[in-house]
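What follows is one structure encoded as structure tokens, with my remarks underneath.
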Amino acid sequence: MQTSFPEVTEEALAALEAVLFASGDPIELSRVASLLGMDDTGAESIVTRYAARLEERGGGLTLLRLGTKLQLATKPELGEYVRAALDAKRKMPLHPGAMEVLAVIAYHQPVTKSYVDKVRGTDCYHIISNLCQKGLVEEGGRLELPGRPLVYRTTDHFLRAFCLSSLDDLPPKTDPPKLTQAAEQLQIEET
């Protein structure tokens with residue numbers, strides 16, 4: 001039986017935290033609601049209170065909203081400490097060609113490799129493959145056309161890397177300096 005909690009309880013907040021921590025990956029709000037045995041409205045009030053609690057506490061965690069998904073994450077400003085603790089691999093920014101391919105996919109997704117090639121005027125197979133390995137782009141199925149070409153789309157990791165809640169938060173196409181500034185700050189694990 002799915003019911004909403006009349007008030008946000010400590011048990012519900014602890015359960016939400018446990019679910020978010022254990023999942024690691026983004027999890028749909030509707031899935032959280034189901035796991036907590038309540039409707040989406042009840043889950044939303046618990047999520048809102050939990051996010052406020054994290055903010056009030058001032059610790060190193062934050063609650064990310066990635067469209068309709070949620071993820072517990074470290075605060076971006078503490079990334080330097082996390083990288084040092086995990087002895088992360090050397091980081092390097094994406095080169096301009098990769099940023100162009102990523103922008104084409106982000107703004108026009110889902111897109112085929114041939115579409116990206118046409119926009120850029122060059123073969124982008126290796127760049128798309130590298131973006132997939134870095135987790136910024138993923139295969140999004142196949143078109144119902146001869147040859148059934150693959151289509152590509154951005155991932156939740158792309159949203160996190162660029163500090164976006166959803167693709168609606170992308171800067172307007174007519175405002176490339178914002179995207180360029182974000183790219184200069186972006187550090188992607190070298191694979």
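The values are calculated or read from the model by the stated rules, or taken from the named source; none is laboratory data. What you see is a predicted model; the values in this text were computed from it and never measured. For neighbour counting, all protein chains shown are included, and Cβ atoms are generated from backbone atoms with ideal geometry for every residue, glycine included.
Would it be correct to say that LEU64 is part of a strand (DSSP E or B), modelled with pLDDT of 90 or more and surrounded by 15 or more Cβ atoms within 10 Å (Cβ to Cβ)? Considered against the rule, which asks whether it is part of a strand (DSSP E or B), modelled with pLDDT of 90 or more and surrounded by 15 or more Cβ atoms within 10 Å (Cβ to Cβ), LEU64 comes out as yes.
Taking (1) closer than 30 Å to GLY79 by Cα; (2) in a helix (DSSP H, G or I); (3) among the hydroxyl-bearing types (Ser, Thr, Tyr); (4) at pLDDT 90 or above in turn, TYR115 satisfies each apart from (1).
Within region 45-54, is even one residue part of a helix (DSSP H, G or I) and over 30 Å from THR9 (Cα atoms)? Looking through region 45-54, none of the residues is part of a helix (DSSP H, G or I) and over 30 Å from THR9 (Cα atoms). Of all residues being among the charged types (D, E, K, R) and either more than 22 Å from the chain's Cα centre (by Cα) or not in a loop (DSSP other than H, G, I, E, B) (or both) in region 6-31, which is nearest to LYS75 (Cα to Cα)? Just the residue, please. Applying the filter and picking the extreme gives GLU17.
Candidates GLU56, GLU77: the one that is of a type in the set (D, E, K, R), at pLDDT 90 or above, surrounded by fewer than 17 Cβ atoms within 10 Å (Cβ to Cβ) and within 21 Å of the chain's Cα centre (by Cα) is GLU77.
Taken over region 126-155, residues that are within 25 Å of HIS95 (Cβ to Cβ), among the basic types (Lys, Arg) and modelled with pLDDT under 90 amount to 1. Any idea which residue in region 32-47 is surrounded by the fewest Cβ atoms within 10 Å (Cβ to Cβ), counting only those that are within 29 Å of LEU78 (Cα to Cα) and not polar (S, T, N, Q)? Once the filter is applied, the top-ranked residue is GLU44.
Answer yes or no as to whether GLU100 is of a type outside the set (Lys, Arg), assigned to a loop (DSSP other than H, G, I, E, B) and on the phi < 0 side of the Ramachandran plot. No.
Matching residues to (1) exposed (fewer than 14 other Cβ atoms within 10 Å of the Cβ); (2) outside the structural domain of THR155 (by TED's automatic domain parsing):
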{"residue": "ARG49", "(1), (2)": "no, yes"}
{"residue": "LEU70", "(1), (2)": "no, yes"}
{"residue": "LEU102", "(1), (2)": "no, no"}
{"residue": "ALA106", "(1), (2)": "no, no"}
{"residue": "THR112", "(1), (2)": "no, no"}
{"residue": "GLY121", "(1), (2)": "yes, no"}
{"residue": "HIS126", "(1), (2)": "yes, no"}
{"residue": "GLN133", "(1), (2)": "yes, no"}
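Look at region 1-29: where a residue is more than 30 Å from GLY135 (Cα to Cα) and a partner is part of a loop (DSSP other than H, G, I, E, B) and modelled with pLDDT under 80, sitting 6+ places away or on another chain with Cβ atoms under 6 Å, you get ALA12/PHE5.
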